[in-house]
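Peer 1: The structure under discussion is supplied below as structure tokens; questions concerning it will follow.
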Amino acid sequence: MNRPLVVDLDGTLLRSDVLFEAMLRHVKQGLGSSIEIPLWILGGKASLKEQLAQQAPLDVTALPYNEEILDLLQKAKAAGRKVVLATATHRTYADQIAEYLGCFDKVIATEQGINLSAKSKCDRLTSEFGHKGFDYIGNSHDDLPVWQAAGKAYLADPDFGVESRARTHGNVVAVFQSRKGLFQSWLKALRPHQWMKNLLLFIPLLAAHHFTDVALITQTLLAFIFFSMSASSGYLFNDLLDLESDRHHARKRKRPLASGDLPIQIGLISAPLLFLFAITGALLLLPHAFSIALGVYYILTLAYSQKLKQIIGIDTLVLAGLYTVRIIAGAYACNLVPTFWILAFSMFLFLSLAMVKRYAELHDANAKGETEQTRGRGYFPADLDVISNLGVSAGYLSVLVLALYIQDARTIQMYQTHELIWLACPILLFWISRVWMIAHRGQMHDDPVLYAVKDKVSLMTGAAFAAVFILATIL
């Protein structure tokens, strides 16, 4: 019997959820848009979907489709079977997706105030095709009544506990798994490799020569943990708000949320919980000044993800500021006072590295022949020379600050042979120049700070830089 093959959309054909995609797209439009969503929810799910369909357009060409399910549909279509999309997604989005994929004979979706989910979907399909008159592909608990009414049941990335319940109907013929592991995807989305940046929290401790104070080292370790949790929370929010632009990026489209390896719902739950744990731990275990610095960092991170990254100049200043706030927070964690010199040095140095990051992105766009404004940013490939000039200047200014610091009265008192610190200036000049040359050649594909951690020359340069200060202290 050549029964119609019916497929669900969210979590099945699509490795994401259109409702959450649309909500995030709407939130990104501004604070006023964020306030509207709770009001729409009060009107019911169908009303919420109707409002979002009208005001939150999606780029359906960039959504993460399940290639295995799509291949199954295309083979069924080629074999002469009727292929139907039956989804609780609003018809506006469903029609756009069906038109883009081009393999559906019919679309059944939420419309006219009726949310096509669970029993309502089952009733609609049985009235259309008859009991056991269709085969169905789904993934969630809402699909259980539909599978029970279907001839054959196919499961795609089934939710927890769904497969065992679906098999009780006795008609499951295949289970497709496209996700490798939720925990691994979740851990990857936290970007633990980025936690290396939080080692900046130890700078004030080292600069104050408290190398052996176990209590202060413990406090800084706690600060590192809380900052890393907050940073991961910020990365999750950033990835949630940047889904569309990340999917158009050669490397970022492989991120867990953008690719669909990690469900949006998990990201939405994890992001606030991580920060809640971090700020609670900070308030209970560390000086309150650190908690304030952590809060400022987090607010800046969210503002950057929401809007500031799109503003020329402001984006790089905020990135540099986020690095500097780490150093301030490290000082506060130990009840130290961050010095003028360390703040000025870090601001100029990290402004240069933020410019490197932008330069590398624009260099890639320029190499591809693109001339339009880069997606999600305020820059054009033609801005390369200006960014290069500004970035190199900022980097060299950080060396000037270091040179002035050497002659400061307090510096002379802290080091046995403060003149040795002059050797750090050419070392830093070399590294900054080298980083910019690598970026100019199109070989900078990582965040420059992460690049430095993996680059042997950078590691040797950093060791030499640290050695200078150690020798100046003990000789």
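The values are calculated or read from the model by the stated rules, or taken from the named source; none is laboratory data. All of these numbers come straight from a predicted model, not from anything done at the bench. A quick note on method: Cβ atoms are made from the backbone with ideal geometry, for glycine too, and the neighbour counts reach across all protein chains shown. With ligands, DNA and RNA removed, areas are computed over all heavy atoms of the protein, side chains included. Shrake-Rupley method; radii C 1.70, N 1.55, O 1.52, S 1.80 Å.
Peer 1: Amide H of Val172 versus every other amide H placed in the peptide plane: which residues, excluding those fewer than 5 positions away on the same chain, fall under 5 Å?
Peer 2: Ala153
Peer 1: How much area per residue is accessible in the chain when the probe is 1.4 Å and only protein heavy atoms are counted (Å²)?
Peer 2: 46
Peer 1: Considering every pair of different Cα atoms, what Kirkwood radius, in Å, is found for the stretch 318-429?
Peer 2: That comes to 15.9 Å for the stretch 318-429.
Peer 1: Given points 7 Å out from each Cα along the Cα-Cβ axis, report the Arg179 to Lys119 separation in nanometres with one decimal.
Peer 2: 2.8
Peer 1: Enumerate the helices in the chain for which the Kyte-Doolittle hydropathy averages 0.0 or more and the C-alpha atoms extend at least 30 Å along the helix's axis, using complete DSSP H runs.
Peer 2: Membrane-span-like by this rule: 214-241, 264-285, 340-367, 384-406.
Peer 1: So if we plug the beta-carbon distance of Glu99 and Lys152 into 1/(1 + (r/R0)^6) with R0 = 35 Å, what FRET efficiency do we get, rounded to 0.05?
Peer 2: Given R0 = 35 Å and the Cβ-Cβ separation, E is 0.80.
Peer 1: Using the alpha-carbon centroid of each, what span in Å lies between the stretch 220-235 and the stretch 174-205?
Peer 2: 12
Peer 1: Return, ordered by residue number, the residues of the stretch 75-97 whose backbone nitrogen is under 18 Å from a label point located 7 Å along Cα→Cβ of Ser127.
Peer 2: 85-89, 91
Peer 1: I'd like to know how the chain sits against the 2.2 N^0.38 Å rule of thumb: what's its Cα Rg over that expected value?
Peer 2: 1.19
Peer 1: Same structure, new question: Based on DSSP, what percent of beta bridges with both residues in the stretch 1-113 are antiparallel, to the nearest 5?
Peer 2: Taking every DSSP beta bridge within the stretch 1-113, about 10 percent pair in antiparallel fashion.
Peer 1: Could you sort out which of Lys197/Lys307; Lys197/Lys456; Lys188/Lys368; Lys45/Lys152; Lys82/Lys121 sit more than 20 Å apart by Cα distance in this structure?
Peer 2: The pairs that break the limit, which is 20 Å between Cα atoms, are Lys197/Lys307; Lys188/Lys368; Lys45/Lys152.
Peer 1: Ordering Thr92, Thr110, Thr374 by how much accessible area each has at a 1.4 Å probe, largest first, what is the list?
Peer 2: Result, largest first: Thr92, Thr374, Thr110.
Peer 1: Rounded, prolate or oblate, given the Cα gyration tensor of the stretch 361-419, with a/c below 1.5 counting as rounded?
Peer 2: prolate
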